[in-house]
Structures are given as structure tokens and as C-alpha cells.
Amino acid sequence: MVSKKAFQVQVESTTKFVVLEKAVLKLIRRIFSDEAYEQKGSLSLIFVDDEHIQNLNRNYLNHDYPTDVIAFPLDDESDDLWGEVYISVDRAKEQAAFYRESFRREITRLIIHGVLHLMGYDDQDLAQKKKMKAKEENYLSKYSDILI
């Protein structure tokens, strides 16, 4: 009998930002459950600065500017690695101040946004943006007890 590995989250940071992996895993598992999405493999969540995310944005997406979050689906045959989500701590700080939100709430929103991208949601046109934004707001509201 082949046993399935439990879904895991690895958190890394190239900044001084510290995140609780258990809180991230709890949030993502709840979203998976709500979306009826299979929990398999692992997710790498990497917190970086603007310079790092701008390099990723330039090299992989041909956009030469920093962005708040980039998600890379990495579906390999072994299903060991589900994807990577890079979050700019610098962008999160600026956006939190601009929108008058707490930094932790903005980080949580960006995690949700990245996970939704890995689940196949997109925000390339207005209809997609509205749908994705509504899902973000729903999960932020529904799971406000799990601020990262």
C-alpha cells in the first residue's frame, strides 16, 4: 500500500520577517477545504525584498518592476512539490500603509492571493480580477483569526 505524504509548507525568508509555519498551514488547509482542492505535495513560501522579487519578475515574467506576489506552479510527476509563492515584504509594508491595513493582514492577503493562483485562479482581465478579489476578501474575513 502506497502512503500519501501529508501536505507541507516550507517557509523561508531572505528578510527579517518571521512567519509562523503552523498558522500558514492552517490557513492554506482551510482554503483547500473550502475549494474542495486535493491536499498533496508541498508549498514553498518565500519572503523576499523588492530587489529579489523584481529580479524574478524580470527573469521569468518579463516585467522589470517589483510586485507584491509571484506564484510558480511546480507540478512534477512525483507530486512532491506543488508550487512556490514569493512575497515581497517591502511591497506588503507599503500596501498595508496605503490601504490602512495591518502588515499581518496584508501578508495574509498576499499568501491567499498566491495560493489562489496556484489553484488556477487568474487576474489577467477585469472579470478574473473581480472573482479573485472576492475570494481573497472572503477568506480574509472568514479566517481573520489566522493572521500570519
Task: Proxy reagent accessibility, fewest Cβ within 10 Å first, across Thr67, Thr108, Thr14 - done: Thr14, Thr67, Thr108
TODO: Convert each backbone phi in the stretch 39-48 into a coupling constant with the Karplus relation 6.51 cos²θ - 1.76 cosθ + 1.60 (shift: θ = phi - 60°), then list the ³J(HN,Hα) values in order as whole Hz, x for Gly and Pro.
DONE: 8, 9, x, 9, 10, 9, 10, 10, 9, 10
Open item on the list: Looking at the chain as a GNM with Cα springs under 10 Å, which of Ala134, Ala96, Ala71 has the largest mean-square fluctuation?
Closed with: Ala134
Open item on the list: Can you work out the Karplus-derived ³J(HN,Hα) for every residue in the stretch 33-38? Use 6.51 cos²θ - 1.76 cosθ + 1.60 with θ = phi - 60°, whole Hz, and x for glycine or proline.
Closed with: 4, 4, 8, 6, 9, 5
Open item on the list: Using helices alone, I'd like the mean residue ellipticity at 222 nm for the chain: each DSSP H run of four-plus residues gives -39500 (n - 2.57), total over residue count, nearest 500.
Closed with: -15500 deg cm²/dmol
Task: Convex hull volume per residue in cubic angstrom - Cα atoms of the stretch 30-113 - done: 104
- [ ] Quick one: dipole size for the stretch 8-142, taken about the Cα centre, charges +1 on Lys/Arg Cβ and -1 on Asp/Glu Cβ, in debye to the nearest 20.
- [x] 820
Open item on the list: Just to be sure I understand: of the beta bridges DSSP finds with both ends in the stretch 8-142, what percent are antiparallel, rounded to 5?
Closed with: 30
Task: Members of Lys40/Lys129; Lys93/Lys129; Lys22/Lys130; Lys16/Lys131 lying beyond 28 Å, as alpha-carbon distances in this model show - done: Lys22/Lys130; Lys16/Lys131
- [ ] Would you mind ranking Glu137, Glu101 by Cβ crowding within 10 Å, fewest neighbours first?
- [x] Glu137, Glu101
- [ ] Starting with the fewest neighbours, write out His52, His113 ranked by other beta-carbon atoms found within 10 Å of each beta-carbon.
- [x] His52, His113
Task: Karplus-derived 3J(HN,Hα), 6.51/-1.76/1.60, for each residue of the stretch 53-61, Hz, glycine and proline x - done: 6, 5, 4, 4, 4, 5, 6, 10, 10
TODO: For Cα extents along the principal axes in Å, several values are listed as [x] 52, 35, 34; [y] 66, 26, 17; [z] 38, 33, 32; flag the one computed from this structure.
DONE: [x]
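Values quoted throughout were computed directly from the atomic coordinates according to the rules given, and no laboratory measurement underlies them. Just so it is clear, the structure is predicted and the values come from calculations on it, not from any experiment. Every residue, glycine among them, receives a Cβ derived from its backbone with ideal geometry; neighbour counts consider all protein chains shown.
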